[in-house]
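Presented below is the structure to which this report refers.
The values are calculated or read from the model by the stated rules, or taken from the named source; none is laboratory data. Since we're looking at a predicted model, the values are computed, not measured. Glycine also receives a Cβ, built like all others from the backbone with ideal geometry; neighbour counts cover every protein chain displayed. Note: areas computed on protein heavy atoms with side chains; ligands, DNA, RNA excluded. Shrake-Rupley method; radii C 1.70, N 1.55, O 1.52, S 1.80 Å.
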Amino acid sequence: MLDPTSSSDVFVVRGGAPLRGTVRLSGAKNSALKLMAAAILCDGKLELSAIPRIADVPVMADVLRGIGLDVDLDLPNERCTIDATDEPDWCPPRDAVTRIRASISCLGPLVGRLRRARIALPGGDKIGARSIEMHVRGLVAMGAEVDERADEIEVRARELHGAILTLDFPSVGATENLVMAAVLADGTTVLDNAAREPEIQDLCRMLEAMGARIDGIGSPTLEIEGVDRLAPISWETCPDRIEAGTYAVAAALTGGDVVIERVRPADLTLPLLKLRAAGVAVEEGGDSLRVKAGDLDPVDFVTLPYPGFPTDLQPQMMVLLTQADGTSRCTENVFESRFSFVAELARMGADIQIDGHHALIRGPAPLVGATFTGLDVRAGAAGTLAGLVARGETIVRDVHHVDRGYADFIPRLQALGADVERVPAADVDG
């Protein structure tokens, strides 16, 4: 498994090959990491399957080992067993915490189980400000005292009780942390304007299976009745809808025909609607999708919290629309820095005009291979997809970001017929 901060490899992508074949999805990155954090709440061994082979998973395992949990990580078989029988420490190790954003999801379960936590402010993608203000405000309403410092937060609660909470914005991170704190709190917590993402639902359903009492899963209002303990279970991580969307775009972009297995089409209702509007043939088959390319038409789309169009598919969709016949519009409403990859794409020949949080994409634009620096997980994937349709050779740098979100990305693309390889950066620079 690659170190998510030190990989100096690059992707070498040669365009022109249509993708054909079958790809089977991993478990969702945005669920697996939070399920691992939820093990803190468990009085025993939590057994997780469909854990994706991505770089963030071993880092989260290090975070949990750092507070005394016994973590058996078997990534080749996509399994993880976490034993939290012994009471954990309340201070996760700073060096591991600061490497991934998802480490903040340890805050809620630590406060829920121990009534105490001190955690450094985590790292991750730099795609915009992601304040923990809503996390803090909710914990304070539940009876906690919070000491915020420049680079860490400490929370103590003599008593943690239920409360009526309303989020300013349906924040995924705040919803996760407040739910995980509330499941072991005294009394009932009502969380309004909660995030509804499939990964949130996966976490809540796992907690329910462990003995938590949560009503309203999948709706904007969650009601959590606190319980005394959560029991160990086995749980399979939900499939990665963003990975599904990425391979769907890759098939459409390259003029291909790809079957995507272990997918839940209902989790992708709006992205699939937009792909069809763009002229892509999408056939749903229970837990599979078949994506066949067609003549691409322009479409407009707006990123919003689920069930809206996911911001994590915005860069990939914009690459697709550079090949559509006409002008498309994208409005980004979630992360203010999500358009930072556009300058890289423009150097490949894309015609994209940015105005605040709006983008005009004019196509079809003939893309030409260039050096593309992937500034975050999804930007790196988008640069790779652009290379699949560009003339000549594209070098994608900073691929450690892609490693954080996509399991076996290059081998899977190769299996679909893409002319791509991963090589040490020195081999290209030299």
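At-a-glance table
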item: Radius 11 Å from Cβ of T221, net charge of other residues (Lys, Arg +1; Asp, Glu -1); result: -2
item: Estimated inter-spin distance, D192 and A343, nm [label 7 Å along Cα→Cβ]; result: 4.2
item: Span from the segment 152-175 Cα centroid across to the segment 359-430 one, whole angstrom; result: 39
item: Max mean-square fluctuation residue, GNM over the chain, Cα-Cα springs under 10 Å, options A343, A244, A37; result: A343
item: Dipole moment magnitude, nearest 20 debye, segment 162-281 about Cα centre, only Lys, Arg, Asp, Glu C-beta charged; result: 400
item: Estimated 222 nm signal from helices in the chain, with DSSP H stretches of n ≥ 4 weighted -39500 (n - 2.57), rounded to 500; result: -8500 deg cm²/dmol
item: Cα gyration tensor shape for segment 46-148, rounded if a/c is under 1.5, else prolate or oblate; result: oblate
item: Label point distance in nm, I233-A150, each placed 7 Å from Cα along Cα→Cβ; result: 4.4
item: For I82, net neighbour charge (Lys/Arg +1, Asp/Glu -1) across residues whose Cβ lies under 13 Å away; result: -4
item: Rounded, prolate or oblate (a/c below 1.5 giving rounded, otherwise prolate when a/b exceeds b/c) for segment 259-347 by Cα gyration tensor; result: oblate
item: Accessible area expressed per residue, segment 260-364, with surrounding protein chains retained (probe 1.4 Å, Å²); result: 41
item: Within-15-Å neighbourhood charge of F409 [Cβ basis; K, R +1; D, E -1]; result: -3
item: Accessible-area composition of the chain, carbon plus sulfur, in percent [1.4 Å probe]; result: 45
item: Listed residue (A102, F341, G138) projecting farthest to the positive dipole end of the chain, Cβ model; result: F341
item: Most fluctuating residue given options A346, A195, A144, as computed from a GNM of the chain linking Cα atoms under 10 Å; result: A346
item: For the chain, built as a Gaussian network whose Cα springs stay under 10 Å, the top-fluctuating residue of K34, K292, K274; result: K274
item: Lys, Arg +1 and Asp, Glu -1 on Cβ, resulting dipole of the chain about Cα centre, debye, nearest 20; result: 600
item: Cβ-placed point charges (K, R +1; D, E -1), dipole of segment 337-394 about Cα centre in debye, nearest 20; result: 60
item: Beta bridges by DSSP in the chain, antiparallel share as percent, to the nearest 5; result: 75
item: Accessible area (Å², per residue) of segment 16-162, counting only protein heavy atoms and a probe of 1.4 Å; result: 38
